[in-house]
1. Starting from the Cα gyration tensor of the stretch 61-155, take the square roots of the eigenvalues, sort them a ≥ b ≥ c, and report rounded, prolate or oblate (rounded when a/c is under 1.5, otherwise prolate if a/b is larger than b/c, else oblate).
2. At 20 °C and 1.002 mPa s, grab the translational diffusion coefficient of the stretch 61-106 from Stokes-Einstein with a Kirkwood Rh over Cα pairs, rounded to a whole number in µm² per second.
3. As a footprinting exposure proxy, order 36, 103, 116 by other Cβ within 10 Å, with the fewest listed first.
4. Kindly put 67, 99 in sequence by how many other C-beta atoms sit within 10 Å of each C-beta, fewest to most.
5. Hey, fewest Cβ within 10 Å first, where do 66, 112 land in order?
6. Looking at the P(r) of the stretch 95-140, how many percent of alpha-carbon pairs lie beyond 17 Å?
7. Could you tell me the convex hull volume per residue, in Å³, taken over the Cα atoms of the stretch 1-110?
8. Using label points projected 7 Å from each Cα along Cα→Cβ, tell me how many nm separate residue 36 and residue 121, to one decimal.
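A short reminder: the numbers here are calculations on the coordinates, not readings from a lab. Please read these numbers as outputs of a predicted model, since none were measured by experiment. In this analysis, Cβ positions are derived from the backbone assuming ideal geometry, glycine residues included, and neighbour counts consider all displayed protein chains.
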């Protein structure tokens, strides 16, 4: 078994860990003050407050709930949603339909050095700084996978496989030896 197969599995686990890290960040850290009904407000949802009683109708009570997650403030959006977006991106490298539609996804999915760089950037900006020990653990796994991808490329231990974890040619996933087609206009080198 070539190191490439292990690397492909680690890329899949890295995507799942990053997405999980982002979800935990949103629900555990950002939405830590869930709505609780009182005499002055009722709950419309977990983060939406409805003014009632003595609270004026136009008083902004949703700043601490809804607008901590859904906002147009770019700094807040990046801080909250970046791990989720990066996790979805890593998982999209395994989707043959997304690889054929996006040259960015394909350029990462069909290149061990590009995958290594991407994983290191995801570890730095989407894992280490989130969720305490879990974020550090996820970042260390992403860094390990990044190093594994680089070693796989440098020593040609990939056995002709790409880092994308789903490179089967058929929808059923039975034909693992079929090389994936690069999207039109992709300038990557095929071996």
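1. Working: a/c = 3.32, a/b = 1.61, b/c = 2.07.
It comes out oblate by the Cα gyration axes.
2. D, rounded to a whole number, is 173 µm²/s.
3. Ascending Cβ contact count within 10 Å gives the list 36, 103, 116.
4. Details: 67 14, 99 27.
The fewest-first ordering by Cβ neighbours comes to 67, 99.
5. Ranking 66, 112 by Cβ neighbours within 10 Å, fewest first, gives 66, 112.
6. It works out to 46 percent of all Cα pairs.
7. Output value, Cα hull per residue: 132 Å³.
8. In this crude label model, residue 36 to residue 121 measures out at 4.3 nm.
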